[in-house]
Each structure stands twice: as structure tokens, then as C-alpha cells.
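**Student:** Take this structure, written in C-alpha cells, and hold onto it; I'll ask about it next.
The values are calculated or read from the model by the stated rules, or taken from the named source; none is laboratory data. Quick caveat: nothing in here was measured; it's all calculated off a predicted structure. Cβ placement follows ideal geometry from the backbone for every residue including glycine, while neighbour counts extend to all protein chains displayed. Surface accessibility is based on the protein's heavy atoms, side chains included, excluding ligands, DNA and RNA. Shrake-Rupley method; radii C 1.70, N 1.55, O 1.52, S 1.80 Å.
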Amino acid sequence: MVALSLPAQAAPAGFGDHVFNGRDPEHARGITTFHVRAGDCSAIDYGDGRGESDCFNGNLRSRIGYDRYARLGDSVQYAFEILVPAGLKYGGGPNRRSLLEVAEWQRINTIKNHIHTMHLDARRGLTFDDVVCIPPAGLGGWNSIRVQVRWSMNDDGVIRVVCNDRVVLARTGRTAIPPDCGQQGVYQCVPALQEPNKPIQFQLGILFRGYGERGRLDGLRPEGRTAPTEGFTVQMRNISVKPIRFR
């Protein structure tokens, strides 16, 4: 009997594989599997005039991005379930926040306009910026995440992060620029470079900010910035982005 090759399954509705992926995720039976190992980087220039790429910077990437961008005034719910295999040993690296990222909200066509990031490590578990969403003991099984935002530069902004039906963060006021932008240890967000009118993209999957030529030029040490031999694996399902009405 001749085995038939099955066609590659598509990314979740509204999402596409990231152009800078070193390894594209696998989509099968409603589950998207992201996996990277050492060397899974893209040499494509970012095109922003800095002459950098993921390989140059030491980044490993396997991600999908939502193709409909949010703008000021939009109220959106971003939802997904995530499974981090048991046995994660990576401690997060030397920075304030883990160098292993699994979700991100950032403005496109800008530099240093990252807004929020979900980080992952064995020390704190899954965090939304600095707020613990799923503690380390909760990893190893499926966990539900909902991030609800009204994007605003004014007092009418709202952000609420719900992890396994537990509200871990609720805040009102300006949401288009995070309150800790520019603080020590908060990277990729420079107050003087903020362009709040630019569209906001939602990305899911692995981005490991590792060690490459950029780090060597900056005098950084590789400890905590290199992937383990087995790499990193994360799975996600029930991914959705939809408008929401705040009461």
C-alpha cells in the first residue's frame, strides 16, 4: 500500500505564519505546535535600516500573526489555550523578564513600540509583562487565557487579563502605551519613539531572544541567553480574536 501524504493544514482563521520564522509552526487537528531549536533563525533583514535580522540578534522564532490590526478606540478580546509541556527547565535568563516569549502586542512599522508581552520560564511560569498568569505548578496542562482591551490614549481605556477564569490584571486609563514603558529592564519600549496611531498586531508562538552577534557587540554574556539542547515547544488551540463590549 502506498502511503498518501496529507496536505499541510492551515493556520487558525485570520492568522498567518510570521515572515521572520526560523521554523514555521505545525497546524493539525485544531492545535498549533510551535517548536524551535538552536539555529532556527531567519537571516532576512528587518528592513528598518538597522541592518539586523533574527540570526544576527540570536533570536529563535516560530510564530503566527493576526492579519487584522487594532487601532485606537477598538475594543478587542484575544483568547487562546496554551499547553507548555511538563519539565520546562529554562529559568528566564538575566533580564527583568524572561527571554522566552509566547504572545505579544506591538505596533507595526515602528521601532521599540512593543506594548505587552507574555513571557514563559520555570521560575515564574507564564506572565503577562510582570504579572503572573499561570504559576509554574500550573504548567504541563491546558490553560485558558483571555486578554480584553479597549485601546486608548485617554481615561476610557480598559485592560483585563483573565487566566483560567481568574482575573489577574484589571486596569483603566491609557492602554495604548504601557505604564512601565521606559522603566529599567523593560525592553523594546522607548517613550520617545512611541507612535500610538500606528496599528497594533497580535502575535502568538515562540520568540526566544537569544545570543548572537548583536549580543557580542554589546558585550553581553551568553549565560541564560542560549536555548537548551531540546529547544522549546509550546502548543495552542481555540485561538480567537473578536470585538468586545465593555459594560
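**Student:** Ordering Asp155, Asp130, Asp17 from largest to smallest accessible area (1.4 angstrom probe), what's the sequence? Kindly include the intermediate steps, with their values, before the conclusion.
**Tutor:** Numbers: Asp155 140, Asp130 50, Asp17 70 Å².
The ranking, largest first, comes out as Asp155, Asp17, Asp130.
**Student:** On to the next question. For Asp165, what charge total do you get from the other residues with a beta carbon under 14 Å from its beta carbon, if Lys and Arg give +1 and Asp and Glu give -1?
**Tutor:** Numbers: positive: Arg146, Arg160, Arg166; negative: Glu81.
Taking every Cβ under 14 Å from that of Asp165, the sum is +2.
**Student:** Just to confirm a number: summing +1 for Lys and Arg and -1 for Asp and Glu over residues other than Cys41 whose beta-carbon lies under 14 angstrom from that of Cys41, what do you get?
**Tutor:** Details: positive: Arg23, Arg37, Arg61, Arg63, Arg209, Arg214, Arg225; negative: Asp24, Asp40, Asp45, Glu52, Asp54, Glu213.
Here the charged neighbours net out to +1.
**Student:** Between Lys198, Lys112, Lys89, which gets the highest mean-square fluctuation from a Gaussian network model of the chain, Cα cutoff 10 Å?
**Tutor:** Per the Cα network of the chain with a 10 Å cutoff, Lys89 tops the list.
**Student:** Which value, to two decimals, describes the C-alpha radius of gyration of the range 26-117 once divided by 2.2 N^0.38 Å? Present the calculation step by step, with values, prior to reporting the outcome.
**Tutor:** Details: Rg = 15.4 Å, N = 92, 2.2 N^0.38 = 12.3 Å.
In units of the globular-protein estimate, the range 26-117 measures up at 1.25.
**Student:** Rounded to whole Å and ordered largest first, report the semi-axes of the equivalent ellipsoid of the range 100-162 derived from its Cα gyration tensor (root of 5λ). List each step's numbers first, then the result.
**Tutor:** Working: eigenvalues 117, 45, 17 Å².
Square roots of five times the eigenvalues give 24, 15, 9 Å.
**Student:** Could you work out the longest stretch of the chain that avoids the GluC sites (Glu not before Pro) located in DSSP loops with at most 15 other Cβ atoms within 10 Å?
**Tutor:** Values: sites that count: Glu223, Glu230.
In short, 1-222.
**Student:** At 222 nm, what value in deg cm²/dmol follows for the chain if DSSP H runs of at least 4 each add -39500 (n - 2.57) and the sum is divided by all its residues, to the nearest 500? All intermediate terms of the calculation are to be shown ahead of the outcome.
**Tutor:** Values: 2 runs with 9 residues, N = 247.
Here the helix-only value at 222 nm equals -500 deg cm²/dmol.
**Student:** If each of Gln188 and Ala38 carries a label point 7 Å out from its Cα toward its Cβ, how far apart are those two points in nm?
**Tutor:** 2.4 nm
**Student:** Moving on to the next point. In a solvent-free Debye calculation with one equal scatterer on each Cα, what is log10 I(q)/I(0) for the range 41-183 at q = 0.15 Å⁻¹, listed in the order of the q values?
**Tutor:** For the range 41-183, the Cα-only Debye profile gives -0.87.
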